[in-house]
Structure formats: structure tokens, C-alpha cells
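Only the coordinates and a few stated rules stand behind these numbers; no lab work does. For clarity, every value in this text was computed on a predicted model and none was experimentally measured. A quick note on method: Cβ atoms are made from the backbone with ideal geometry, for glycine too, and the neighbour counts reach across all protein chains shown.
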């Protein structure tokens with residue numbers, strides 16, 4: 001999630017708020033300690049500043065997760081990238097690397113991304 005938010009070199013307020021709410025609400029994060037989020041964000045920032053940092057982060061994610069949690073990770077990354085209503089080039093690049101490394105089914109990937117985008121639409125946009 002942090003890598004998706006920071007992959008465009010900025011982390012917006014909507015992205016931070018979405019990450020915080022997902023960590024607080026979702027079962028995938030229940031067993032993690034309170035300082036986990038801050039530590040992971042700092043580590044992610046350090047890695048992204050290095051050559052091929054994004055690729056290294058993707059490989060770490062894929063290596064750490066079971067196949068079913070990889071789908072969850074992709075869905076959450078797409079959710080964060082969509083939370084500020086504009087998926088930027090760096091975020092697209094990260095999602096593409098993640099998709100390829102996870103070998104996600106293209107239809108599943110498209111469905112996860114579309115669901116993330118439509119959840120962040122506003123009634124006022126119409």
C-alpha cells in the first residue's frame with residue numbers, strides 16, 4: 001500500500017487516510033503491532049529512493065505472501081492508487097510490476113482496478 005502511494009514520489013492526504021482506514025478495518029492487518037505501519041512506510045521510502053527500488057519492493061511483496069493474499073495485496077494497492085481520484089504514471093508502473101510478478105489473471109486484475117476506481121467516485125462529480 002505504501003509503495004503504491006509513494007511510487008509517484010508523493011503521498012496524498014486521501015492516500016494516507018485510505019491506508020490508515022484499511023489497516024484499522026481489514027482482517028489482514030489485525031495481528032500486526034501498532035508501530036508496524038510507521039516502520040513499513042519508512043522502509044518503503046528508503047527502498048524507493050534506491051535504483052530499482054520499486055522492483056525490489058515488488059519482489060519482497062510477492063515473496064512474503066501466499067497466492068490468495070497476493071490478490072488481496074493487489075486489490076489494496078489499486079485501492080490506494082485510486083483514492084485520490086487519479087492514478088498517476090508512477091502508480092500505474094507499480095501496479096504493472098506487481099501484476100506481472102504476481103502473475104494475476106488479466107480479468108481479475110481489471111476487475112480489482114475497476115472496483116477500486118468506482119468506489120472513490122463522488123456523487124458530486126455527476
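Structure values in brief
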item	result
Net lengthening on full extension, residue 29/residue 92 (0.36 nm per residue, minus Cα-Cα)	20.2 nm
GNM result for the chain, Cα springs below 10 Å: residue of 54, 102, 37 fluctuating most strongly	37
Percent of Cα-Cα distances greater than 20 Å, calculated over the chain	41
Listed residues 27, 106, 67, most fluctuating in the chain (Gaussian network, C-alpha, under 10 Å)	27
Choice from 50, 96, 88 showing the highest fluctuation, given a GNM over the chain with Cα pairs closer than 10 Å	50
Taking the range 2-119 and dividing mean pair separation by its residue count, relative contact order in percent (alpha carbons under 8 Å, at least six apart)	37
MRE, 222 nm, helices only [DSSP H, n ≥ 4, -39500 (n - 2.57), over the chain, to nearest 500]	-21500 deg cm²/dmol
Förster radius 22 Å - calculated FRET efficiency between residue 64 and residue 36 (Cβ-Cβ, nearest 0.05)	0.95
Exposure proxy ranking, count of Cβ atoms within 10 Å, fewest first, for 11, 117, 80	117, 11, 80
Extended-chain gain in nm, criterion 0.36 nm per residue less alpha-carbon gap, residue 103 and residue 16	28.6 nm
